[in-house]
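Colleague: The structure follows.
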Amino acid sequence: MLTHHPALTEQQARHYRDLGYLRLPDPGLPRDLLDDVAEMVRARAARLPAGQTKVYRLYQHDPALMHRLVAHPALTGPLTTLLGPNLVYVLNRHNQGSLNAPGAQKDRLHRDILQPTRGLLTAVVYLEEATVQTGCTWIVPGSHRAPYVGVPQPDGGGTWMDEHPELADLTDQAVPVPVPAGGIFIFDGTAFHTAGPNTGSTTRTSVVLGYRAADELDAHPDLDRQIVVAGTHLYRGNDQPN
């Protein structure tokens, strides 16, 4: 049973649209589900080469378990408030676990996508508490409205803020967003953000998920790279002859 109604309030939705992010400290995700996901992430992370902290292709590794998480109403309820009733989980952006161990260094401020071609909403589900000491996410509020220009990351992905000379005056505007275990941090994929350094003595484990509205102008959606988690693929293109 959910502890909260999953829909966002008007004020929460406006906060997300204006500032590019929203913190949901107690959305109502079941503890046993989070524990099962955490066990999978830690087991896979233990097999990574030294120095690697990210586990990719979580959904493909255990579709049944991950579908319970990515399609849970505690997640899809807030997201459909922001993105509309037809929602897909993206398999080729994020879909990963992250284990921020003590001593991990701060990453670079970056975007998750280069431009809002289709849009992307990133949802970080924290399996352990994320504090400033353990390396919670830092974000530059409102940076989803910054110019969509600059040097893209190699091998896909968004772009690095420190390679945007025109955004140099924003690099010191990032703020930390602590989130308790079981909480969710959602943000626009074009907002600049980064994981903070872990100066504490405990890990900070999370899963990073990507969502977007189903593309109503795509007559042939790529079902190998997206999973419908709310509503349906609804084609609304105008293909009528003259």
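The values are calculated or read from the model by the stated rules, or taken from the named source; none is laboratory data. As the structure is a computational prediction, the values presented were derived from the model and not from experiment. Note that each Cβ is placed from the backbone with ideal geometry, even for glycine, and that neighbours are counted across all protein chains shown. These area figures cover heavy atoms from the full protein model, side chains too; ligands, DNA and RNA do not enter into them. Shrake-Rupley method; radii C 1.70, N 1.55, O 1.52, S 1.80 Å.
Colleague: Of all residues being open to solvent by less than 30 Å² (accessible area, probe 1.4 Å) and hydroxyl-bearing (Ser, Thr, Tyr) in the range 132-150, which is farthest from the chain's Cα centre (by Cα)? Just the residue, please.
Modeller: Thr134
Colleague: Still on this model: Considering every residue within the range 188-197, establish whether at least one is at pLDDT below 90 and either open to solvent by less than 50 Å² (accessible area, probe 1.4 Å) or not in a loop (DSSP other than H, G, I, E, B) (or both).
Modeller: yes
Colleague: Considering only residues of the range 199-215 that are in a strand (DSSP E or B) and not aliphatic (A, V, I, L, M), which is farthest from the chain's Cα centre (by Cα)? Write out each step before concluding.
Modeller: Quick first cut of the range 199-215, residues in a strand (DSSP E or B) only: 204-213.
Pick out the ones that are also not aliphatic (A, V, I, L, M) and you get 204-206, 210-212.
Details: Arg204: 16, Thr205: 14, Ser206: 10, Gly210: 5, Tyr211: 8, Arg212: 10 Å.
The qualifying residue farthest from the chain's Cα centre (by Cα) is Arg204.
Colleague: Identify, from the list Leu69, Leu33, Leu24, the residue that is among the hydrophobic types (A, V, I, L, M, F, W, C), at pLDDT 95 or above, over 17 Å from the mean Cα position of the chain (by Cα) and under 20 Å from Val229 (Cα atoms).
Modeller: Leu33
Colleague: Which of the following residues is at pLDDT 95 or above and in contact with a helix residue (DSSP H, G or I) (Cβ under 7 Å, 6 or more places away or on another chain): Leu127, Leu167?
Modeller: Answer to the check: Leu127.
Colleague: Is one or more of the residues making up the range 203-218 buried (at least 19 other Cβ atoms within 10 Å of the Cβ), over 15 Å from Leu109 (Cα atoms), acidic (Asp, Glu) and modelled with pLDDT of 90 or more?
Modeller: There is at least one residue in the range 203-218 that is buried (at least 19 other Cβ atoms within 10 Å of the Cβ), over 15 Å from Leu109 (Cα atoms), acidic (Asp, Glu) and modelled with pLDDT of 90 or more.
Colleague: For the range 151-165, which positions are assigned to a loop (DSSP other than H, G, I, E, B) and surrounded by fewer than 19 Cβ atoms within 10 Å (Cβ to Cβ)?
Modeller: Of everything in the range 151-165, those that are assigned to a loop (DSSP other than H, G, I, E, B) and surrounded by fewer than 19 Cβ atoms within 10 Å (Cβ to Cβ) turn out to be Val151, Gln153, Pro154, Asp155, Gly156, Gly157.
Colleague: Go over the candidates Pro147, Pro152, Pro141 one by one and state the one that is farther than 27 Å from Leu33 by Cα and at pLDDT below 85.
Modeller: Just a single option satisfies the conditions, and that option is Pro152.
Colleague: If you scan the range 209-242, which residues turn out to be among the hydrophobic types (A, V, I, L, M, F, W, C), within 22 Å of Ala64 (Cβ to Cβ) and touching a His at 6+ places or on another chain (Cβ under 9 Å)?
Modeller: Once the filter is applied, which keeps residues that are among the hydrophobic types (A, V, I, L, M, F, W, C), within 22 Å of Ala64 (Cβ to Cβ) and touching a His at 6+ places or on another chain (Cβ under 9 Å), the range 209-242 yields Leu209, Leu223, Ile227, Val229.
Colleague: Can you tell me which of Leu121, Leu114, Leu99, Leu170 is open to solvent by 40 Å² or more (accessible area, probe 1.4 Å) and either in contact with a Gly (Cβ under 8 Å, 6 or more places away or on another chain) or small (Gly, Ala, Ser) (or both)?
Modeller: Leu114
Colleague: Residue by residue through the range 177-187, note down the ones that are open to solvent by less than 50 Å² (accessible area, probe 1.4 Å) and of a type outside the set (Gly, Ala, Ser).
Modeller: Scanning the range 177-187 gives Val177, Val179, Pro180, Ile184, Phe185, Ile186, Phe187.
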